[in-house]
Structure formats: C-alpha cells, structure tokens
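Nothing in this text is a laboratory measurement; each read-out follows from the coordinates by a stated rule. Note that this is a predicted model, so its numbers are computed, not measured. Here the Cβ positions follow ideal geometry from the backbone for every residue, glycine too, while neighbour counts run over all protein chains shown.
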Amino acid sequence: MSTLQIEDLYRSFGSLVVTQHVNLSIGAGERHVIIGPNGAGKTSLINQIGGQLRPGSGRILLDGVNIIGQAPEQVLRSGIARTFQKNNLFFNLSVIENLRLAVQARRGNGLQCFRPARSLTAIMSRAESILAQVKLDANGSRAVRELSYGEQRQLEVGLALAGDPKVLLLDEPTSGMSPAETAGMIELVRSLPRELTVVMIEHDMHVVFSLADRITVLYYGEVLATGTPQEIQDNERVREIYLGARH
Amino acid sequence: MDIYLAQLMNGLVYGMLLFLTAAGLSLIFGLMNVVSLAHGSFFMLGAYLAFAVVRETGNYWLALLISPCLTVLVGLVVERFFMRRLYRRGHLDQVLLTFGFTFVFFDAVRSIWGSDIRKLAPPVSLEGSIALVGGMFSTYRLFLLAFGALLALILWAVMEKSRLGAMVRAGVDDSQMAAGLGANIPALFSGVFGAGVALAAIGGVVAAPVLGLYPGMDGDILIPSFIVIVIGGMGSLRGAFVGTLLVGIADAFGKAYVPALSLFLIYLLMAVFLLVRPQGLFGIKGGVAPAGMVVAARAALSATLRVKVIAALVLLALACYPLLVPDYQRTLVSEIFVFAIFAMSLDLLLGYTGLPSFGHAGFFGLGAYTVIVLGALFGLNGWTGVLIAVPLTALAAALIGFFCVRTSGITFLMLTLAFSQLLYSIAFKWRDVTGGSDGIGIPDRPNIFGWSLSEPIVMYYVTFGFCLLCYVGLRRLIASPLGHAFIGIRENESRMRAIGYSTGLYKLLSFTIGGALAGLAGGLYALFNGFVSPEVLHWSASGDILIMVMLGGAGTLLGPVLGSAIFLLMKNLVSSYNDHWMMIIGIIFIACVMFFPGGVWGILSSRIAGRKPDSPPRPGTTPAEGIASGDKAPTGAAPGASMTVDGAAR
Ligand SMILES: Nc1ncnc2c1ncn2[C@@H]1O[C@H](COP(=O)(O)OP(=O)(O)O)[C@@H](O)[C@H]1O
Ligand SMILES: [Mg+2]
C-alpha cells in the first residue's frame, strides 16, 4: 500500500482549474519530485495535502486514511509536515525559538504553563539537534529576519522536520539559494532517514535528477506523466511541452 | 395616523442619517483599510458648525453649505498630516490614531459649545407637516428622506458610472490595480477620505434638527454605523444602504415595541451576521484578516544587574510611598494599580497573542458589577464577590471568545466591541439589578486581616499586592511554553497551524485568561470605588485601556503598567487645574501612536539597558519579557508589514 495516495483530486479558483482530477501514488520512503512550469498548480496541490486549501473533490489518503477536511494542525499530527515556497517563519523570533515552538507542539507541551519553556531540556535538545541537521548551529540565537534568504530556506525545512513527519512536503526548497547552499540542501535531503517519504517541488533539473526516485510532471493542473527519471526524460509529451524549451 | 407607518417613517429617517455616515466609513475602510473612529466626530463637527453658522446668519441652507466644507478641511488635515504617515504601519495604529482624535474633537466641541443639549430648528420653509398616504408627516423628515435618497443616488452614479468611481472600486479590490488604472493613490485616498467626511458632516447638519446636538453624539452615530457596515459588508455602498435601512427600521420598531430590548436588537443583529456571513451581505473585503496587525517585535535582552537594581529600588519606593503621602495620593496610586492589572490583562491578548480586542472593558465591568450587585442585593462580602467574579468573567470570556477567536483583525475588533456593548446594554437596561444609568453602590468595604479597605492605605497595599501578583504570574505565563505559543500566534498564525498548533484553542485560552484577569481588576475596582455605573463597560472605556497599553508599550508587561500610570496621573493632574484633559490626552496619544510606536516603555527600557533606542519603524524592545533564547538579543523592529502565506487560502 502506498503511503500517500491522491485520488481524483479536483480544485478550481473560479474558472481556473488548478488541480484537474489528479491521481498520484507515492510509496513509503520514496523521493518523489513534482515538476512543472509556474502556475501549473504545484503549490496548490501541496496546500491541499497540507490542509491549507480545501479540495473541491477527491481523496487524499495517508496510509489508507482520508485526511481531507483536516485542518493544517491535524494534518501535521497525522504525520505530514510541509515547508512553504515563500518563507513563512517567525521572523522576529530567534532561530532556536522557531524550532523550539515546532518541537514543543509535536511533543504536546504547548499547553504547559507552569515552567519556563527553556527549562524543558528534552525539547531544547531536540531543537538543537535539528538546528545542527539544517546546518544553522552557528545562528541559533539570531533573529530569523537577520538570516540570509538561503539560511531562512534551511530553517523552513527545519521547522517541518521538527514535526517528526512520516511524509515531508518541500515546496521549492532550493529556490533563491546560491549553488553552494543548493548543494547543501541536496545533501540534507539525501541524509534524511530512508523510511521518510519526501515529496518535493523543484525547478532545478540538477537537483531533480540527483534526488528523485520518481517524477511527476504537472501541466495546467493535470498530471502529464509520472515515472522514473529515465521514463520522464524519454516521454515524448513531456519533452514537447516541458523540456521542449531546452532543445 | 397609522402607527406602523409612523414607525416605518422613523426607521427610514434614522436609516438615512446612518447611511450618510456609514457610506463614508465603508468607502474609507474599503479603499484604505482604515476603520476611522473619528468618523462620528466629523458628524458631530458638521452639526455644531452648522449650529454656529445658523446662529450667526439665521440661514440653515447656508449652514448646509459652509459646515461640510469646513469639516472636510479638518478631515483633510487629519488625513494628510497624520494618517498618511501611518499607511505602511498596522491597521491597529491607524484605528488608535483616529481614536485619539475623537478625544480632541470631543473636548473641542464641549469647550466651545458646552455639554448641554442644543437644538437646531429646521429651516422655516420646512416647518409643519404634510398629509400623505394615511398620515401627517413632518415636512422636514420628508425632506430628509428625499435628500438622503438623492445623495445616495448621486454617490451610486459616481461610483458606478464615472472613471473616478471605477478607480475607487478598483482600489477597494486592490490598490495596485487602481494604480494600474492610472490613479494617483495618495490623491485618491485623500479624495475618498474627504468625500467620506463630507457625507458625515452633511449627515450631521441634517440630523441636528431631528436628533439634537450634544457632545457624545459622535459615538451615538459611530457605533450603529459600524453595525451597518458589518451587516452590509465592508467597502460596499449597496451593503451600507441596505444595512442602514435594516438597522434603522429594526431600531425604530424595537424602540416602539420592545423598548427593554431595543439596545440589544442591533447588536444581536450584528453578531448574528458576523457569525453567519462574516463578509456581510455584499461584502467585498469581508473576513480578510489584515495580518499587519502584528504588534511590535519583542525580542529579549539579558536582565542586567542594572535592571535588577532599578527594579528593586522601584519596588522599595512603591512600598514606602503610601507612608509619606496624604490619602488622596494613596487613592490615586491604588487606582493605578487596579488599572495596571486591567491593562496587563489586555496586553496578554493584544501584545502577546495579537488579538486586538476593543471590548475588554466588558469583562472589567462584569467583574465590577458582580461584586457590587452581590454585595448590594444579597449582602455578600466583597471578597466572596471577587471570588465569584473571577470565574464568572472567565466563563463569559470563554463564551464570547468562542465566537470572537474564529475571526481576526478588524472583524475581531468589531465583534469584541459588539459583545461589550451588549453587556453595556444589559447594565443600562436591567435597572432592578444594576440600577441602570444611575449605577449601584455598596454601603461598606470588606476587611482584610481586620483592616478595613475603606482605609486608603490598606487599599493601597492590597491593590499593590494584587498588581505584583498579576505581574509575576503573567511573566511566568509568558515565559512558559504556553506563553511562547501565544507569541508564535501573534507572529505568524498560519505557520503555527502548520507546525501543529490548534491556534483557535490557544487564542480562546488567551482570551479567557485575559478576561478573567480583567474580571479580577474589575472586582478590585468595585472594592476600591464602592460604586459602579455603566460607563465602565462602555466602548470608550475599552478604548481608554487600549490607549494605556499602547502608550506604555504593547507586548511588554511593564509597558501597560506604566501606560496606566501615565494615563491616570495625567487625567488627574490635568483635570484638577484644567478642563481640557481629554484634549491633552488625545494629543499626547496621537503623538505617541505617530512617533513612539513602541510605547514609552519601549524607549525607557532601551535606556535602562544602556542602549540607544532602535531606529524606526519600531523603537525599543523589552528586557527579559519577550522570548529569550540566547544571550545575544535580536534588537529592533518588526516590520508592520503583513506576512502572507503562499496560496494559503481556504
Ligand atoms: N488563492 C488563490 N486564488 C486564486 N488563484 C490562485 C490562488 N492560489 C493560486 N492561484 C492560481 O492558481 C494557479 C496555480 O498556482 P500555484 O499552485 O501556486 O502554481 P505553482 O506552484 O505550480 O507555480 C496560478 O495561476 C495562481 O495564480
Ligand atoms: Mg509554487
């Protein structure tokens, strides 16, 4: 059984259909990359999985359970964590505090009100280990707004990882990054536990082909093709419409 | 004469008057995203200026021409020199700025024309009555209807048919788009603001013969106009029109047939509409949450020794102070302690959780009334009263919060305002229990350890103790995981949800805790004052406490304490030798909103810590009160700008 299964998903904004009866099946531990031109509906798809956007119809199954209708916080608790294409962080708080907030939510300590937050050592040390994982250890006490854009992208991933997800959704994690930072991000995704399922939207073909087990091409809200990197490269329609520009 | 017809007529006339204010308010909100609390003041100003012109010239028609022109001039000054500077800041700052102006205009009108009700006679040509379909109608009221309808028609024609109207409508949807149509945005804003003021002033002039003139007529037209806009939909002219007719007629029939409930009727109408259709009947901008509401950035800075020494000295001084001063000063400072608790409780919502409540006085009043009513009617001891008041207000806050926290931004502000006005109406109408507008008192104060609270020095130490307790408790709360979650919601609610917080629950908790503490402050106020009247629940009381919080610095704990001290000292000192304390408070408050958005504490704290105040837009931060996560303090400023989520619309 696939970990994340999307069945006949449909959503429109007025007359603009952004998700046209999408079917997708993503297995456990798979690294699945979604590509497609701007406006293809990639972010909208992630928003529907994450609970930020309500689908018009269809089903989204996580381990066989339909999660449609769950609020974003319920989706996270079900085991799906996401990042945002546009940095969506606590810009005025410190980096470690960002992570601490996410860890304490996942550990169910959010409602605790009799002890100082900083005295909860288990949460603090988990936050610190994620800090190291996303390579921000030198920046823990800085305010997020003082970080470079690329560092903020790393924190985006850190916040999602703090949710201990089964499925990690990354919306263009390398956008706006320098080549060195992009290489770091590839390494970070590679280093994730193999059983973690990763769905990633990506534009950089180098990143796509160095990480993907399978690729889905979205075009005007429709799935144009799904398959291994080789199959996608060989697909005539994809070459025509999407990769065509490179010829 | 057919009684229904007469009521209908009354309703329509009142509706027309409301429309003139509401239409402008709605356009201004729609285009500029500003809720102008000063709009009622322009209505009042229009009426009084007309009164002055008529007294000089005896010519009503001349007044109808001159008064709106003068009022528009005043309005343009407000827009050009004050509001325009705040366009890039949060909406709350603009709301508060206009609130400051209501003080200034109120005081100006009261000192020029006095507090008595004045009458303005309708023009001679419109005196008398006309017989029409089954009844006699006052000529002037018929004129009002025709005049209002004509203005509505003109307004509609301008908005729908002219190029200018197209720009305004485009601007309501998206100011970028209006710029695309070639609109000069600042000029467009000024124009719409001016037009809105003109409508309000005209409304004031034509209303004067029907409603009379008195300081306070500003609030009496403003609140119903809000309700109209909420019902009709923000930024929609058609909505304002339909809304005014609904409210006008509901009000007229309510007054005639269920006088006991007439005040609630329109608030209930509003609450129901907000819940069922938050975007209003024809809403364009409906439930959108202006995310720019985020209050100042609060980061931490390590509590230096210096801070601790100063804190110890201040505490010592406060502890010795009552031994050295006469009773009236003890009383004054006791009042400050009570309001400091109240202000801190609001700051938990406003400054820490980002919930801009404009109805917090409701909980304060509920606490005060509980203690006094239980004491007066059942002879219950004041302390027992407080013990009952706190859970009762917590319950009320949980109930009201349940409805309010589902909205945000301006809608939240209006909904909390409506609920507190509902409580006000109850206090006002339920005479048997609350004493109505006369208020109600208790014969004597309770004791504590054998000392009577009627001794100012005892009262001083009791309120001081409670204030300290609240401060320490809130400080611990804010340092706890729960407190950090509140701050996270203030900073970025959508991300909080994405990392797993049921933010609705958290906001409800914050609202309930804040409400309960306000109830405690109210209960102490009852013991302090021995008397309570509906004013403590009035929306302007909620405004006062907002001022105290913003004045001192929202998002800090000492800020509100300082703010309430400044506010009450000023009110006391200034009013003892000068009647214009409202004017002065208004001006100071306007200055604070404009130039010290971090509040007095924001500036002071950076001084104490030996740093220069940070540069604009948000000076100041707090020592050890924000989230301290490391020893290097991120200093400075939150962008007032909104944080939007990529495509995160439901
Ligand atoms: N909330 C919204 N309202 C209306 N249209 C939207 C909304 N969100 C996205 N769209 C539109 O849907 C289309 C798909 O957007 P998106 O999912 O962000 O594409 P991608 O991420 O593939 O670039 C775009 O044309 C975008 O303008
Ligand atoms: Mg996208």
The stretch A:135-247, Rg to Rh (Cα coordinates; Rh as Kirkwood inverse mean 1/r): 1.02
If you take the Cα Rg of the stretch A:81-164 and divide it by 2.2 N^0.38 Å, with N the number of residues, what do you get? 1.01
Give me the tail of P(r) for the stretch B:3-276 as a percent: Cα-Cα pairs with distance above 32 Å. 21 percent
Report, in deg cm²/dmol and to the nearest 500, the calculated mean residue ellipticity at 222 nm for chain A, where each DSSP H run with n ≥ 4 adds -39500 (n - 2.57) and the sum is divided by the residue count. -10000 deg cm²/dmol
Counting DSSP beta bridges in the protein assembly as shown, what percent are antiparallel, to the nearest 5? 65 percent
Which shape class, rounded, prolate or oblate, goes with the stretch B:456-575 when its Cα gyration tensor gives a ≥ b ≥ c as root eigenvalues, a/c under 1.5 marks rounded, and past that a/b bigger than b/c marks prolate? prolate
In debye, nearest 20, what is the charge dipole magnitude of the stretch B:3-276 about its Cα centre with +1 on Lys and Arg Cβ and -1 on Asp and Glu Cβ, if you could check? 300 debye
Three semi-axes of the equivalent ellipsoid, chain A, Cα gyration tensor, whole Å, largest first: 31, 21, 16
Loop chymotrypsin sites (Phe, Trp or Tyr not before Pro), the stretch B:400-448, which have at most 16 other Cβ atoms in a 10 Å radius of their Cβ (DSSP): B:TRP430
From phi via Karplus (6.51, -1.76, 1.60), per-residue ³J(HN,Hα) for the stretch B:346-360 in Hz, x at Gly/Pro: 5, 5, 4, 6, 6, x, 9, 9, x, 9, x, 7, 10, x, 5
What residues qualify as long-range amide H neighbours of B:PHE137, i.e. H under 5 Å apart, gap of 5 or more or another chain, H built at 1.01 Å from N? B:ILE130, B:ALA131, B:LEU132
Could you bin all the Cα-Cα distances of the protein assembly as shown into 20 Å bins starting at 0 and give me the percent of pairs in each, rounded to whole numbers? 14, 42, 33, 11, 1
Name the residue farthest towards the positive end of the dipole of chain A from the options A:PRO179, A:LEU101, A:GLN52, assuming +1 on Cβ of Lys and Arg, -1 on Cβ of Asp and Glu, about the Cα centre. A:LEU101
Strictly over 26 Å apart at the Cα level, which of A:LYS135/B:LYS507; B:LYS255/B:LYS507; B:LYS507/B:LYS571; A:LYS42/A:LYS166 would you flag in this model? A:LYS135/B:LYS507; B:LYS255/B:LYS507; B:LYS507/B:LYS571
Using the Cα gyration tensor of the stretch B:369-446, with a ≥ b ≥ c the square roots of its eigenvalues, what is the shape: rounded (a/c below 1.5), prolate (a/b larger than b/c) or oblate (neither)? oblate
Restricted to Cα positions, what overall size does the stretch B:328-539 have along the principal axes? Three whole-Å values, descending. 55, 36, 26
DSSP-defined beta bridges in the stretch A:99-247 - what % are antiparallel, rounded to 5: 50 percent
Spatial separation of Cα centroids for the stretch B:458-480 and the stretch A:147-210, in angstrom: 46 Å
Post the alpha-carbon centroid distance, the stretch B:57-73 to the stretch A:73-93, in whole angstrom. 57 Å
Radius of gyration and Dmax over the Cα atoms of the stretch B:7-159, both given in Å: 17.5, 56
